[in-house]
Amino acid sequence: MSRSNSQLLRSQIDWRSEGLYYFPLNLHFRHLFGTRVQKISLDGGFTCPNVDGTVAKGGCVFCDNRAFSPSRRVKRDAITAQIQRGIEGLRRRYETEKFLAYFQPATNTYGPLDKLQTLWDIALEDPRVVGLVIGTRPDCVPDEVLDLIDQYAQRTYVSLELGVQTIHDASLDWMNRGHHHDAAVDALERCQGRDFEVGLHIMLGLPGETHAMMMETADQVAKWNVDSVKIHNLYLVHRTEMVEQVASGQVRLLELQEYVEIVADFLERLPPQMVIERISGDAPPKDLIAPQWALHKGSIKDALNATFKSRGTYQGFRYTA
Ligand code: SF4
């Protein structure tokens with residue numbers, strides 16, 4: 001289905017009549033694919049330009065990227081095996097036979113075109129894989145990569161996930177991102193009129209960001225009118241530069257209710273037809289140091305719903321086109 005048809009479909013979904021306070025990803029997929037669809041996380045063997053020294057070294061301060069060596073290679077059978085393992089694990093748990101190949105860790109367009117094409121072709125060989133999700137950075141999507149993604153979007157579902165995180169350059173500098181907000185503006189302009197969906201990753205609770213600054217990011221995301229947004233709380237994992245910053249008190253992590261109030265404020269500003277892929281971060285329990293509440297997704301969702309209920313608001317409540 002083309003992006004414009006998907007947008008039309010989304011505009012017709014009355015998610016509020018289902019008792020929801022925001023438009024969740026599973027509802028979007030149920031309408032788009034007629035069934036539940038699960039993402040299989042795949043490691044294509046990429047690194048990042050702020051890890052390998054191209055734009056910076058060390059990677060983002062919150063990211064445990066030590067495994068992203070610049071010379072990583074993943075063999076064809078390794079991708080096939082990841083898909084098989086992923087499907088076996090997910091199909092019983094979620095009772096579904098449709099999956100999306102999600103190229104998730106590191107920067108999944110940071111490589112030669114023939115590598116990208118080979119990985120995506122292998123992933124789509126399994127008939128149960130009904131599309132691609134490609135996670136990347138806004139400074140790693142040159143036109144030729146977007147053209148290639150667009151070709152895939154002519155024959156299957158494709159979502160391009162851009163790690164924008166924030167519109168504030170000082171925060172991007174703090175996280176050692178290696179690019180500024182203008183990279184996101186440029187990437188999103190060049191994604192216009194193409195046939196794949198575009199999703200943004202946003203991080204809330206960054207040090208130095210006031211409530212007003214986070215709402216400026218929300219208003220910009222609303223203006224871009226992308227297809228989806230994935231919201232993460234800032235969290236602390238082992239083996240990152242941030243460990244020291246939190247220990248010394250330089251960086252403070254948000255409490256659950258504090259975070260949930262900000263997420264509610266953020267979602268109220270977004271268009272009602274924008275899909276909310278996630279409302280909190282997703283660190284593996286063995287790696288997470290804090291906040292521990294981030295491990296309890298059900299409680300975060302309940303707290304967010306309760307906040308909306310007590311306010312009498314919902315996603316889009318403050319949105320003005
Ligand atoms: S957060 Fe993303 S861009 Fe930053 S180092 Fe980790 S994988 Fe790379």
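Brief remarks on what is shown
To keep it simple, each residue is scored yes or no on (1) away from the ligand (no atom under 16 Å from the Cβ); (2) in contact (Cβ under 8 Å) with a residue 40 or more places away in the chain; (3) touching an Asp or Glu at 6+ places or on another chain (Cβ under 9 Å).
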residue	(1), (2), (3)
Arg3	yes, yes, yes
Ser6	yes, yes, yes
Arg10	yes, yes, yes
Glu18	yes, no, no
Phe46	no, yes, no
Ala56	no, yes, no
Val61	no, yes, yes
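- Options Met213, Met203, Met242, Met175: the member that is within 15 Å of the ligand (Cβ to nearest atom) and over 19 Å from the mean Cα position of the chain (by Cα): Met242
- Lone qualifier among Ala67, Ala123, Ala106 - being surrounded by fewer than 17 Cβ atoms within 10 Å (Cβ to Cβ) and either within 16 Å of the ligand (Cβ to nearest atom) or outside any loop (DSSP other than H, G, I, E, B) (or both): Ala67
- Selection count where residues are open to solvent by 60 Å² or more (accessible area, probe 1.4 Å), farther than 15 Å from Ile231 by Cβ and assigned to a helix (DSSP H, G or I), scope segment 300-321: 4
- Any hit, segment 41-51, residues being touching a Phe, Trp or Tyr at 6+ places or on another chain (Cβ under 7 Å) and open to solvent by 40 Å² or more (accessible area, probe 1.4 Å): yes
- Yes/no for Tyr94 being touching a Pro at 6+ places or on another chain (Cβ under 8 Å), open to solvent by 30 Å² or more (accessible area, probe 1.4 Å) and of a type in the set (Ser, Thr, Tyr): no
- Candidates Glu277, Glu261, Glu255 - the one that is surrounded by fewer than 19 Cβ atoms within 10 Å (Cβ to Cβ) and touching a helix residue (DSSP H, G or I) at 6+ places or on another chain (Cβ under 7 Å): Glu261
The values are calculated or read from the model by the stated rules, or taken from the named source; none is laboratory data. Just so you know, these numbers come straight off a predicted model, no measurement behind them. Cβ coordinates were reconstructed from backbone atoms using ideal geometry, including for glycine residues, and neighbour counts include every protein chain displayed. Note: areas computed on protein heavy atoms with side chains; ligands, DNA, RNA excluded. Shrake-Rupley method; radii C 1.70, N 1.55, O 1.52, S 1.80 Å.
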